[in-house]
Number of protein chains: 2
Amino acid sequence: MKIATTPPPPYYAVIFTNLLRNDQEGYIEMAELMETLVIKQKGYLGHESVRDCLGITVSYWESIDDIKAWKMQSEHLIAQKMGVEKWYSQFKTRICKVERDYEFCF
Amino acid sequence: MKIATTPPPPYYAVIFTNLLRNDQEGYIEMAELMETLVIKQKGYLGHESVRDCLGITVSYWESIDDIKAWKMQSEHLIAQKMGVEKWYSQFKTRICKVERDYEFCF
């Protein structure tokens, strides 16, 4: 997993922070499917994802409308439903406007 | 590490995504010191941090001015300098306004 390359601000970010239940059957396969689908979505700019016990996934988007379209994408709706019913014990989703950014490369 | 409890939007987020070099001497101690200091800062609302190979730390703030004050805090300036000179191979910092959020708890 690399640091996402994103255009100059403004753009949008979805910070998805989550904790899993014990039964994770089917979770990794669904996460992989979502990865193959999200990169094809209109307005997708990149994402970063890490899990320790806590999982943090940040995805970057051109617009709020692009975020809404991904939220309503048909396979993603199924994934969200299964996430609530089966995989997640807790999550929080934050929709943000990225106003400034800066970077460092050694 | 838990999901941060934050007030209703709007508030601000700093998404700090980073990769470390091989020599991490002193890094964990500095990260722990920053944790004890950041929670005392004016306007601090919470933070979430996970590292796999990639590290993602998201901190939440009441205002942009509170973010600027933390960036200029004296020990934090030393940590940032050592980060650039010694620990990080790459990082990206994104300053965001959280416009909406929603959550789930099983």
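Bear in mind these aren't lab numbers, they're just calculated from the coordinates by the rules spelled out. Everything numeric in this text was worked out from a predicted model, so none of it was measured. Positions of Cβ are generated from backbone atoms using ideal geometry, with glycine treated the same way; all protein chains shown enter the neighbour counts.
Going through segment A:1-36 one residue at a time, which ones are of a type in the set (A, V, I, L, M, F, W, C) and closer than 17 Å to A:TRP87 by Cβ? Matches in segment A:1-36: A:PHE16, A:LEU19, A:LEU20, A:ILE28, A:MET30, A:ALA31, A:LEU33, A:MET34. Please verify whether B:TYR44 is of a type outside the set (A, V, I, L, M, F, W, C), surrounded by 14 or more Cβ atoms within 10 Å (Cβ to Cβ) and under 25 Å from A:CYS53 (Cα atoms), treating the condition exactly as stated. Yes; evaluated as a whole, the condition is true for this residue. Of the residues B:LYS92, B:LYS71, B:LYS2, the single one that is basic (Lys, Arg), free of Cβ contacts under 8 Å to residues at least 60 places away in the same chain and either touching a Lys or Arg at 6+ places or on another chain (Cβ under 9 Å) or surrounded by 12 or more Cβ atoms within 10 Å (Cβ to Cβ) (or both) is B:LYS71. Taking segment A:6-54 as the range and being under 15 Å from B:ILE56 (Cα atoms) and out of contact with any Phe, Trp or Tyr (no Cβ under 8 Å at 6 or more places or on another chain) as the test, the residues that pass are A:ILE15, A:GLU48, A:SER49, A:VAL50, A:ARG51, A:ASP52, A:CYS53, A:LEU54.
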